Amino acid sequence: AQSVSQHNHHVILSEAASLELGCNYSYGGTVNLFWYVQYPGQHLQLLLKYFSGDPLVKGIKGFEAEFIKSKFSFNLRKPSVQWSDTAEYFCAVNALRADKLIFGTGTRLQVFP
Amino acid sequence: EAGVTQFPSHSVIEKGQTVTLRCDPISGHDNLYWYRRVMGKEIKFLLHFVKESKQDESGMPNNRFLAERTGGTYSTLKVQPAELEDSGVYFCASSQPPTSNQETQYFGPGTRLLVL
């Protein structure tokens, strides 16, 4: 069965620090990969996605993620976080066209000024 | 373009009562998904509609949950009778039929259900 692991459950950073959130998935076939973000009081929003092509994907608000197929990983990065990045971040995969998403447990990021 | 909307935003009910959640997908989106997040755990798939048909309902916990999508527009998810373990946030998502294997699901704000 497919599964997604997010290693960091709670991350606390100061503004301007660099961020890397880990995401590993378990599935042997071709996958689509996503990072969603939920800001306080808001709904889940798509941060970035990978379907194919360049494994380094750039998303909104300066976020990027790198797909490393050999490691089954899709880690999220941002070189310098801001207070407004405080949110919960979810990694998700799906393996088939128009299919359900499998989510990780989420990582709660707190950024202090 | 309006996003996915869900109603109500919050619901507090007693064990044994019935609750109906509603989801209005983005106009023109044939795919509609229901997900649930129980506190502290991952967001889990419940079921998937393509228009009015249930494509995949493998995530539905038990027969106390009934989802419908009459006419292929909005969807309802009814829990009857509700149990304590049904508490959580119920998310709805929708997507267009992908022209390739590239589908993006857009999520609603969720309905926070608390069963006492």
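Across chain B, C-alpha contacts under 8 Å between residues 6 or more apart give a mean separation that, scaled by the residue count, equals a relative contact order of 36 percent.
Between A:ARG108 and B:THR18, what FRET efficiency comes out of the Förster formula 1/(1 + (r/R0)^6) with R0 = 30 Å and r the beta carbon distance, rounded to 0.05? Numbers along the way, then the final one.
Details: r = 33 Å, r/R0 = 1.10.
About 0.35, to the nearest 0.05.
One Cα centroid belongs to the stretch A:55-69, the other to the stretch B:55-72; the line between them spans 34 Å.
Cross-link reach is defined here as a Cα-Cα straight distance under 21 Å, omitting same-chain residues fewer than 8 places apart; for A:LYS61 the lysines meeting it are A:LYS49, A:LYS78.
Here are some pairs, A:LYS69/A:LYS100; B:LYS44/B:LYS78; B:LYS15/B:LYS78; A:LYS100/B:LYS41; which of them have Cα atoms lying more than 19 Å apart in this structure? Intermediate results must be reported in sequence, preceding the final value.
Numbers: A:LYS69/A:LYS100 21 Å; B:LYS44/B:LYS78 17 Å; B:LYS15/B:LYS78 14 Å; A:LYS100/B:LYS41 17 Å.
Checking Cα-Cα distances, A:LYS69/A:LYS100 exceed 19 Å.
Find the relative contact order for chain A and round it to a whole percent, using C-alpha pairs within less than 8 Å whose residues are 6+ positions apart.
Working: 277 pairs, mean separation 42.0, N = 113.
Contact order relative to length: 37 percent.
Ranking B:LEU47, B:GLY110, B:GLY3 by how far each Cα lies toward the positive end of the dipole of chain B (charges on Cβ) leaves B:GLY110 at the top.
Between amide H atoms placed 1.01 Å from N, distances below 5 Å from A:GLU15 occur with A:PHE112, all of them 5 or more places distant or on a separate chain.
Each of A:GLY29, A:PHE90, A:ILE12 was scored by the projection of its Cα onto the charge dipole of the stretch A:3-112, and the greatest displacement toward the positive side belongs to A:GLY29; charges sit on the C-beta of Lys, Arg, Asp and Glu.
FYI, it's all coordinate maths here, none of it is from the lab. Everything quoted here is computed from the prediction, not taken from an experiment. Don't worry about glycine lacking a Cβ; one is built from the backbone with ideal geometry, like all the others, and counts go over all protein chains shown.
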